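Here is the structure we will look at, set down as structure tokens.
Read-outs: derived from the displayed coordinates by stated rules, not from any lab. Predicted model only: the values in this text are computed from it and were never measured. Cβ placement follows ideal geometry from the backbone for every residue including glycine, while neighbour counts extend to all protein chains displayed.
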Amino acid sequence: MSQQFTCHDAYDPNALPVAVGRQLILDAVAPIEGVEHLPLREALGRVLAEAVISPIDVPAHDNSAMDGYGLRCADLHGDGPTTLQVIGSAYAGRPFPRAVGQGEAVRIMTGAPLPAGVDTVVMQEVVTPLDDQVTIPAGQRAGQNVRRAGEDLQAGSPALPAGKLLRPAELGLIASLGISEISVRRRLRVAIFSTGDEVVPLGTIAHEGEIFDSNRYTLFGMLTRLGVEVIDLGVVRDDPLALEGSFREAASIADVVITSGGVSVGEADFTRSMMDKLGEVLFWKIAMKPGRPMAFGRIGADGDGAWLFGLPGNPVAVMVTFYQFARPALLRLAGVEAPGEPPELRAMCTVSIRKGRGRTEFLRGQLYAEDGEWKVRTTGAQGSGILRSMTEANCFIVLGPGQGDVAAGDDVTVQILDGLV
Ligand code: AMP
Ligand code: MG
């Protein structure tokens, strides 16, 4: 691991660019071991441990894509309507008992296997049925409205790659192959605790100077949405022995430990000296706002160790640093092949924003569509302790290091929280 981290020498750890920090973390972590075999529904939100190979052709047979009439295209006159004899009806799930011969047609339902002889389907809306005959207008194309066997997937071919996060579409696809159990990675175990003498847990009374612990709740929410197992270790006082005990316990039971607080300038030295005992942890000042101080590294003995994210204490900074740094790393650890960047788009900013160059700022924004265009405004007071700025937001406005002041009407980049959260 130390080798991984030496490559950050090229950057000033007191002004680490967001993208560099994210990449250093992503490069350091690799998927956890451990596979489970689960019934399909329980695999929702999990990550495929191995590729799913299709045991069958999908669709299994040539079938009709429409309700209409199945016929032999060669029987149709090129220059005018053709009347054919209707010999019966073909239904989905029931093979049609005989072949369709010259001058004949069959009424056919969507999904019904094509009877022998049929190569083309004409949708029912354009034909003229009369008794046991049907008249087909000119202008049909051979093979139209037919779904070919194997056109979606061929037997023996990979239907889904290893490392794929299983969403509803993937569950459906796997079910369509007749597969009811699937190999997925085990869930990532993430231990969380809050630090700070002023922080008190819910269910107690906050005395003067004390605040309720909110970070464990945002972290619980963000982690649960990500599909990991959350182990909540409560609030730990700024006491070396208590902290060391909690870090050791967390490292022994979890794959990842995420803490908040204790990494700011006033407290970093204290935390740092303890981390030197526990493992190898880097203290970064990221060139960003909010969320400047952050610790990342590995604690605990190797077989029994864990990755550590020491997030800042301020509630908004916790959320921003989680999404920018922890989320992609957790996805990678969970086995996701390509965690991807948070979803971004450009929008016209309707307000002016003061912005210093040299750092990335994450403002809380409201993205909305107006006159066929994406527009965004800020949610008001942007202090890193003002959690309301997050509850009112549906996006981050991301102003990169090269960006100066924003004038009303300028385009800016936004990260959409839906999809991220
Ligand atoms: P720190 O990084 O520990 O210096 O904390 C920075 C700020 O975040 C301080 O104002 C803390 O009181 C606040 N803070 C730290 N931890 C929490 C927490 N768990 N919940 C809410 N606020 C917190
Ligand atoms: Mg603190």
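For all pairs of alpha-carbon atoms in the chain, what percent lies in each bin of width 10 Å, listed from the first bin to the last filled one?
4, 18, 21, 18, 13, 10, 9, 6, 2, 0
Using amide H atoms built in the peptide plane, which far-off residues or other-chain residues are under 5 Å from Gln144 H to H?
It is Val121, by chain and number.
Report the trypsin sites (Lys or Arg not before Pro) located in region 88-177 that are in a DSSP loop and have at most 15 other Cβ atoms inside 10 Å of their Cβ, or state none.
Values: sites: Arg98, Arg107, Arg141, Arg147, Arg148, Lys164; in loops: Arg98, Arg141, Arg148, Lys164.
Passing sites in region 88-177 are Arg98, Arg141, Arg148.
What do you get for Rg/Rh of region 320-421 when both radii come from the Cα atoms and Rh is the Kirkwood radius?
0.98
Could you work out Rg/(2.2 N^0.38 Å) for region 21-76, with Rg from alpha carbons only? Before the final figure, lay out the partial values.
Numbers: Rg = 22.7 Å, N = 56, 2.2 N^0.38 = 10.2 Å.
This ratio for region 21-76 stands at 2.24.
What ratio of Cα Rg to 2.2 N^0.38 Å holds for region 228-357?
Working: Rg = 16.3 Å, N = 130, 2.2 N^0.38 = 14.0 Å.
Cα-based Rg divided by the globular estimate yields 1.16.
Relative contact order for the chain using alpha-carbon pairs under 8 Å, separation at least 6, rounded to a whole percent? All intermediate terms of the calculation are to be shown ahead of the outcome.
Working: 952 pairs, mean separation 67.5, N = 421.
After rounding, I find 16 percent.
Over the Cα atoms of region 1-151, what is the Rg over Rh ratio if Rh follows Kirkwood? Please list the in-between numbers first.
Values: Rg = 28.5 Å, Rh = 20.1 Å.
On the Cα set of region 1-151, Rg over Rh gives 1.42.
Convert each backbone phi in region 391-396 into a coupling constant with the Karplus relation 6.51 cos²θ - 1.76 cosθ + 1.60 (shift: θ = phi - 60°), then list the ³J(HN,Hα) values in order as whole Hz, x for Gly and Pro.
Each residue's phi maps through the Karplus curve to give 5, 8, 9, 10, 7, 9 Hz.
Using alpha carbons only, how many angstrom separate the centre of region 322-392 from the centre of region 158-198?
25
Indicate the gyration tensor shape class of region 217-266 (rounded, prolate or oblate), computed on the Cα atoms with a ≥ b ≥ c the square roots of the eigenvalues: a/c under 1.5 is rounded; otherwise a/b larger than b/c is prolate and the rest oblate.
Values: a/c = 2.39, a/b = 1.47, b/c = 1.63.
Since a/c reaches 1.5 but b/c is at least a/b, the shape of region 217-266 is classed as oblate.
Taking the Cβ of Gly103 as the center, what net charge do the other residues with Cβ under 12 Å away carry, scoring Lys and Arg +1 and Asp and Glu -1? Numbers along the way, then the final one.
Values: positive: Arg72; negative: Asp75, Glu104.
That sum, taken over residues with Cβ under 12 Å, equals -1.
Using amide H atoms built 1.01 Å from N in the peptide plane, name the residues 5+ places from Val235, or on other chains, whose amide H lies under 5 Å from its own.
Correct list: Ser194.
PRE reach from Asp232 (point 7 Å along Cα→Cβ): which of region 299-317 fall under 18 Å by backbone N?
Residues passing the 18 Å test: 315.
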